[in-house]
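> Shown below is the structure under consideration.
Rule-based calculations on the coordinates, nothing more; no lab input. Not measured: the values here are computed from a predicted model. Quick reminder, even Gly has a Cβ in these numbers, built from the backbone with ideal geometry, and neighbours come from all protein chains shown.
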Amino acid sequence: MAAGGGDERRAGHGASTSLWLVATATHAGIGWSVALAGSALLVFASMPGVALTSSRFVFAMLAAIVAVAGKSAIGHAADAGAFSIAEIVQTVHLLATGMWGGVVIAGGAAVLPALEHRWRARV
């Protein structure tokens, strides 16, 4: 029984209804939904076994931008309002941070084996 004395399921206010309302009627819910959709598209774009064409690469980049824009909409930039300059700046910031992290990981993967080879040669 709900606090109001009625059964929530009979009244049509179950968990799925509440989740749908939060996901579609609040700024945080819409941002989360956009991030989820972008992430799903990114997973779809990066499925193995299919050749990486230029159109697939562009699709993956757009999916990443959608996912990051959704994350920006639920972060600190959301205080400035929907589709604000702060959200755009936060989106660019997150994309740049992701690119920087990717470069650091790729650079480490390229350099560390060579360093290990040099280190073993000295021992």
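> Please find the FRET efficiency linking H117 to T17, where r is the Cβ-Cβ separation and R0 is fixed at 41 Å, and quote it to the nearest 0.05.
Numbers: r = 61 Å, r/R0 = 1.48.
Result of the calculation: an efficiency of 0.10.
> Which longest run of the chain has no exposed loop site in it, a site being trypsin sites (Lys or Arg not before Pro) in a DSSP loop with at most 16 other beta carbons within 10 Å, and the site itself not part of the run? Show your work: numbers first, answer last.
On the way: sites that count: R9, R10.
Counting only loop sites that pass the neighbour cut-off, the longest clear stretch is 11-123.
> Can you tell me the orientation of helix 54-72 relative to the chain, as the angle in degrees between its alpha-carbon axis and the longest Cα principal axis, to the nearest 10?
50 degrees
> Then there's this: What's the angle, to the nearest 10 degrees (0 to 90), between helix 27-45's Cα axis and the longest principal axis of the chain?
It is inclined by approximately 40 degrees.
> Please check: in the Gaussian network model of the chain (C-alpha springs, under 10 Å), which one of V22, V68, V111 has the largest mean-square fluctuation.
Largest GNM mean-square fluctuation: V111.
> So which chymotrypsin sites (Phe, Trp or Tyr not before Pro) in the stretch 64-123 pass both tests, a DSSP loop state and at most 15 other Cβ atoms within 10 Å of the Cβ? Don't jump to the answer; show the numbers that get you there.
Details: sites: F83, W100, W119; in loops: F83.
Answer by residue number: F83.
> Now a separate question. In vacuo Debye scattering of the stretch 15-122, one point per C-alpha: log10 I(q)/I(0) at q = 0.13 Å⁻¹?
At q = 0.13 Å⁻¹ the computed log10 ratios are -0.64.
> If the chain between L36 and M61 were fully stretched, how many nm would it gain, using 0.36 nm times the residue separation less the Cα-Cα distance?
Taking L36 through M61 to full extension adds about 7.5 nm, to one decimal.
> With +1 on each Lys and Arg Cβ and -1 on each Asp and Glu Cβ, how big is the dipole of the stretch 15-122 about its Cα centre, in debye rounded to the nearest 20? If you can, show how the numbers build up before the last one.
On the way: 5 positive and 3 negative charges, 106 e Å.
Taking the Cα centre of the stretch 15-122 as origin, the dipole is about 500 debye.
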